[in-house]
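The values are calculated or read from the model by the stated rules, or taken from the named source; none is laboratory data. Just so it is clear, the structure is predicted and the values come from calculations on it, not from any experiment. Here the Cβ is made from the backbone with ideal geometry for all residues, glycine too, and neighbour counts use every protein chain on show.
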Amino acid sequence: MNRGTPVKLENVSKRFRTPKKGWYEALSGLSFEIEAGQFVALVGPTGCGKSTALTLLAGLEQPSIGLVTVDGEEVSDIETSTGFVFQHDATFPWMNVYDNIAAGPKFRGAKDYENSVSTWISKVGLTGFEGNYPHQLSGGMKKRVALAQALINEPSLLLMDEPFSALDVQTRAIMTDELVSIWETTGSTVVFVTHDLEEAIALADRVIVLTAGPAQVKADFKINLPRPRKARDIRFTKEFLEIYQEVWSVLRDEVDIAYQRQLIAPGKEK
Amino acid sequence: MAEKFLTDSEIKRARTMHKTKVHALQLAVAIALLGSWQLLADHNILDPFFYGRPSGVMHQLGVWIQHGTSIGSIWLNAWVTFYEATYGFFAGVILGIIFGIFLARNPTAAEIFAPYIKVSNSIPRVVLGSIFVLWLGLGSVSKVALAFVLVFFPVFFNAFQGTREADHKLIANARLLGASKRQITMKIIFPSALSWITASMHVSFGFALIGAIVGEFLGAQHGLGLLIATAQGNFNPNGVYAAMLLIAVMALTAEWLITKLENRLLNWRPTQVSGSEL
């Protein structure tokens, strides 16, 4: 069990060049702070800059203005103490399940990683599939590979960018459950980006609602549902529904704004 | 309406029958083509003095194998052409991959060299053969050099493009997992560019053979190219065809080996699933 790291965004803005030589402002003065070991869900309408915030935290991009810190230090390059689970499949197609999961320790020059690879393979339920290549796996199994690939490095910060959005509803519910039970044993800080409010509340200690882009923090909710949680069942409790309604009433306005903008300027977002 | 699934042996039998039919028809096409050529030549409709004839080609091959050619044993000449092409091929493939990946990974270097590469690529490379013969003499080295320049560019461009097209998400993922720049090149970029590279290798062996043979046309002591040039000078069309036949065998063997290699290297790719049960 490792210690999670605290994370902070201070007045962060990020702009990108558009193909037409203009600028697209993805974030504008976004600030929030996350305590060590907290599981935070970022929710917000399409194109509000949630994913951009994650790439800044990972060090994949630098902010145009502002400061991003992880564990009190400025993020200026890729942080290898950070784990990242991508929205779309990012497993290496030419490596089998075993080599994909062993990739992190191998890159880092670790010795004796065989045991931890086997442990993670069984933790994510892929025993017997070690020799399979990604194209031979289902969507849910690929996600398990991606999860084990990130977690085997024992990241103190785990970033997840809509990791389950490409899965069917049932697989998604199962994966959500498994993520909760795995995370509860690691203690790392998690920032989980999602469109799905139900998923956010079921997983997180805290839900941050962002405004339509460029994102600002619109509201910040503490989720006081008991742990350990069973994500699949908790959604039918009274407490869950109350929180859901409260958060949704805030999010709904932003979703409407984002949707109206899309109607006016189709395709502007991406 | 079928009431049961086809059994394995039924599928196998149908498959064998299909294959036999295709092979028989392929053979029939060959017989028709060669037979009509032979007939036309025998009846002097196609003048055998200029066009040769299949029986003459076989006879010529027999003579070469039994008595050798005017420039030494046929096996020696075939071997010379083969190793010139092979050396040029490997040198071109290896350097093409190295330079292609290097330049694609270093955008500034790519910007600097882009005009030079464009200019050298626009030179009709066969012309270089004359320069190489001047510089490097009539021996094999000038042919290897010509084969090399012919192979280098297609492999280089494919390796470059393959590297550029490597999935950025995979590179980001590898960096986050702790990969160094070198590890990214070896473990991520190279495998993802490999299908581009092997695609260029298929064409390239043909180019390597062209390089070796054109080089031999321009001046050589041994080789199938020289044999063709000699036969041409002696108005011996059968000699030209016989040498061509040997070159074709060489090219097909190389193609077969490259396909084997490709399947081995790219065994992680999904196999094409055929639609029918056969």
Determine whether segment B:204-222 contains at least one residue that is in contact (Cβ under 8 Å) with a residue 40 or more places away in the chain, within 14 Å of chain A (Cβ to nearest Cβ) and farther than 30 Å from A:Thr82 by Cβ. no
Just one of B:Gly178, B:Gly215, B:Gly206 is part of a helix (DSSP H, G or I), assigned by TED's automatic domain parsing to the domain that holds B:Leu150 and in contact with a Ser or Thr (Cβ under 9 Å, 6 or more places away or on another chain); which is it? B:Gly215
Verdict on B:Asn236 being touching a residue at least 40 places away in the same chain (Cβ under 8 Å) and over 25 Å from the mean Cα position of the chain (by Cα): yes
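Residues checked against (1) outside the structural domain of A:Ser188 (by TED's automatic domain parsing); (2) over 21 Å from A:Leu158 (Cβ atoms); (3) exposed (fewer than 14 other Cβ atoms within 10 Å of the Cβ):
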| site | (1), (2), (3) |
| --- | --- |
| A:Asn11 | no, yes, yes |
| A:Arg15 | no, yes, no |
| A:Gly22 | no, yes, yes |
| A:Leu54 | no, no, no |
| A:Glu61 | no, no, no |
| A:Thr69 | no, no, no |
Which count do you get for residues in segment A:159-206 that are in a helix (DSSP H, G or I) and not β-branched (Val, Ile, Thr)? 16
State whether one or more residues within segment A:149-164 are surrounded by fewer than 16 Cβ atoms within 10 Å (Cβ to Cβ), out of contact with any Gly (no Cβ under 9 Å at 6 or more places or on another chain) and within 23 Å of A:Gly44 (Cβ to Cβ). no
If you check B:Ser130 against the conditions, is it on the phi < 0 side of the Ramachandran plot, touching a Phe, Trp or Tyr at 6+ places or on another chain (Cβ under 8 Å), of a type in the set (Gly, Ala, Ser) and in a helix (DSSP H, G or I)? no
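Quick grid of which residues meet (1) out of contact with any helix residue (DSSP H, G or I) (no Cβ under 8 Å at 6 or more places or on another chain); (2) within 14 Å of chain A (Cβ to nearest Cβ); (3) at pLDDT 95 or above; (4) within 30 Å of A:Ser81 (Cα to Cα):
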site	(1), (2), (3), (4)
B:Pro124	yes, no, no, no
B:Val127	yes, no, no, no
B:Ser130	no, no, no, no
B:Leu138	yes, no, no, no
B:Ser142	no, no, no, no
B:Ala179	no, yes, no, yes
B:Ser195	no, yes, no, no
B:Ser200	no, no, no, no
Somewhere in segment B:14-27, is a residue outside any helix (DSSP H, G or I) and either exposed (fewer than 14 other Cβ atoms within 10 Å of the Cβ) or in the same structural domain as B:Ile189 (by TED's automatic domain parsing) (or both)? no
Mind telling me which of the residues B:Phe190, B:Phe160, B:Phe153 ends up being assigned to a helix (DSSP H, G or I), farther than 25 Å from A:Leu56 by Cβ, at the interface with another protein chain (Cβ under 10 Å from one of its Cβ atoms) and within 23 Å of the chain's Cα centre (by Cα)? B:Phe190
Return yes or no: is B:Val240 among the hydrophobic types (A, V, I, L, M, F, W, C), surrounded by fewer than 18 Cβ atoms within 10 Å (Cβ to Cβ) and either farther than 30 Å from A:Gly104 by Cβ or more than 14 Å from chain A (Cβ to nearest Cβ) (or both)? no
Can you tell me which residues in segment A:121-140 are within 13 Å of chain B (Cβ to nearest Cβ), touching a residue at least 12 places away in the same chain (Cβ under 8 Å) and not in a loop (DSSP other than H, G, I, E, B)? A:Pro134, A:His135
Among the residues listed as A:Asp89, A:Asp99, A:Asp112, the single one being modelled with pLDDT under 90 and under 18 Å from A:Val145 (Cα atoms): A:Asp89
Answer yes or no: is there a residue in segment B:43-60 that is among the basic types (Lys, Arg) and assigned to a helix (DSSP H, G or I). no
Tell me, please, whether a residue that is surrounded by fewer than 18 Cβ atoms within 10 Å (Cβ to Cβ), at pLDDT 90 or above and of a type outside the set (S, T, N, Q) can be found in segment A:136-143. no
Is there a residue being at negative phi, surrounded by fewer than 22 Cβ atoms within 10 Å (Cβ to Cβ) and not in a loop (DSSP other than H, G, I, E, B) anywhere in segment B:269-277? no
All positions within segment B:163-177 that are surrounded by 22 or more Cβ atoms within 10 Å (Cβ to Cβ) and away from every other protein chain (no Cβ under 14 Å): B:Thr163
Among the numbered conditions (1) in a strand (DSSP E or B); (2) within 14 Å of another protein chain (Cβ to nearest Cβ), tell me where A:Glu10 comes up short. (2)
